[in-house]
1. Helix 130-142: angle to the longest alpha-carbon principal axis of the chain, degrees 0 to 90, nearest 10?
2. Can you compute the charge dipole magnitude of the range 85-177 about its Cα centre, using +1 on each Lys and Arg Cβ and -1 on each Asp and Glu Cβ, nothing else charged? Give it in debye, rounded to the nearest 20.
3. Just to be sure I understand: if I project the alpha-carbon convex hull of the range 48-178 onto a plane and average over all orientations, what area do I get in nm²?
4. Can you work out the Karplus-derived ³J(HN,Hα) for every residue in the range 200-213? Use 6.51 cos²θ - 1.76 cosθ + 1.60 with θ = phi - 60°, whole Hz, and x for glycine or proline.
5. Could you tell me which residue out of F56, A143, A174 lies farthest along the dipole of the chain toward its positive end? Charges go on the beta carbon: Lys and Arg +1, Asp and Glu -1, centred on the Cα centre.
6. 7 Å from Cα along Cα→Cβ at both L346 and T212: what's the point-to-point distance in nm?
7. What order do you get for 181-187, 322-328 when each peptide is scored by the mean count of other beta carbon atoms within 10 Å, highest first?
8. Sequence-distant or interchain residues sharing an amide H contact under 5 Å with I12, placed H: which?
Amino acid sequence: MENRHTGRVLLIYTGGTIGMGRNPQTGALEPLDFEHLAREMYEFRYLRVAFDTYQFTPPIDSSDMTPRQWAQLVEIISSHYHDYDGFVILHGTDTMAYTASALSFMLENLTKPVILTGSQLPIGQLRTDGKENLITSIELAAATHADGSPMVPEVCIYFSGKLIRGNRATKIAADGFNAFDSFNYPVLCHAGVNFVYHEHHILTPDYTRPMTPHTAMDTNVVVFSLFPGIEEKIFRHVLESPEVRGIVIRSFGSGNAPQQPWLLRLFTSASERGATVVNISQCVSGTVEMGRYDTGYHLQSTGVISGRDSTVEAAVTKLMYLQARYDDPQTIRDMMNRSIAGEITLNFKL
């Protein structure tokens with residue numbers, strides 16, 4: 001087994017609400033020195049897990065998160081991989097599901113926990129949800145089986161008592177403490193009085209193989225939602241753009257689209273020039289089954305592929321990852337129909 005138990009966790013603070021403090025002069029929220037804050041909080045003295053901190057300088061708002069920061073996170077984790085039992089990333093909630101999805105692909109054959117968390121209120125405020133989210137995330141990142149193997153060797157999001165697979169998570173609330181949910185995959189662990197792990201839902205990596213980091217992402221991807229009344233002249237500008245290599249369509253229901261000849265022609269043309277067109281549902285739960293209704297069946301003949309039960313965050317970041325690794329469009333399409341890191345369910349009839 002590659003893992004060597006160290007009893008330590010690396011805490012990576014990228015920014016976000018959890019590490020903000022209120023300026024006494026202006027009343028505005030601004031980033032704090034998180035390492036100093038963590039040392040001063042008495043709750044951390046009772047943790048049975050040792051942790052070190054790494055802080056982005058300057059911290060960033062999660063709305064400014066880009067693939068460059070994803071690559072930075074991959075480099076931090078890979079360079080310290082053998083020094084820690086797990087990693088906790090403090091991150092703003094707005095793009096947390098995108099980062100979690102991206103890291104699940106970029107950290108190939110991950111054999112240790114990487115847990116993203118944050119808060120809806122700054123950690124220094126009286127009613128903050130940040131303390132529980134952070135302390136529980138550290139404990140989850142350090143948790144092991146009796147043989148020393150990690151309980152949850154995958155990229156996850158922990159929020160409000162639930163540990164969720166990162167590439168299955170979606171932000172569901174702008175101001176509620178229960179900010180994330182996973183509609184198409186069960187929760188990996190419920191954290192109440194005790195931790196209740198659902199081990200048959202947790203990925204099992206190949207411990208005989210090393211973790212392989214990837215830092216390149218091809219961002220020539222676009223996402224759009226279908227809606228009644230969509231105009232050809234606007235739609236064409238998107239699909240005919242030569243730079244676009246990946247297109248994520250958010251279709252109706254189980255993968256249905258208007259039966260407009262011009263729409264089918266544009267999908268066919270995009271596929272023929274080498275773009276990967278992926279069909280995911282606008283619904284928060286369920287899967288794309290383009291063969292269920294005639295309005296979805298016709299999409300298959302244009303080269304559009306099913307995104308199954310993928311979230312939009314997972315579909316976008318998976319395309320970025322695959323486009324950076326492969327030049328051949330058919331290889332990318334084939335890989336989109338495989339589960340790389342548990343991001344889609346394969347036992348649905350398409």
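The values are calculated or read from the model by the stated rules, or taken from the named source; none is laboratory data. In this text the structure is predicted, and so the values were computed from the model without any measurement. Glycine also receives a Cβ, built like all others from the backbone with ideal geometry; neighbour counts cover every protein chain displayed. Each accessible area value is taken on the protein alone, full model and side chains, heavy atoms only, with ligands, DNA and RNA left out. Shrake-Rupley method; radii C 1.70, N 1.55, O 1.52, S 1.80 Å.
1. Once rounded, the angle reads 90 degrees.
2. Charge dipole of the range 85-177: 200 debye, to the nearest 20.
3. On the way: hull surface 32.8 nm².
Directional mean of the projected Cα hull area for the range 48-178 stands at 8.2 nm².
4. 6, 9, 8, 5, 10, x, 8, 6, 7, 10, x, 6, 10, x
5. Projecting each Cα onto the dipole axis, the largest value belongs to A174.
6. About 1.7 nm separates the two model spin labels.
7. 181-187, 322-328
8. Y54, V88, I89, L90
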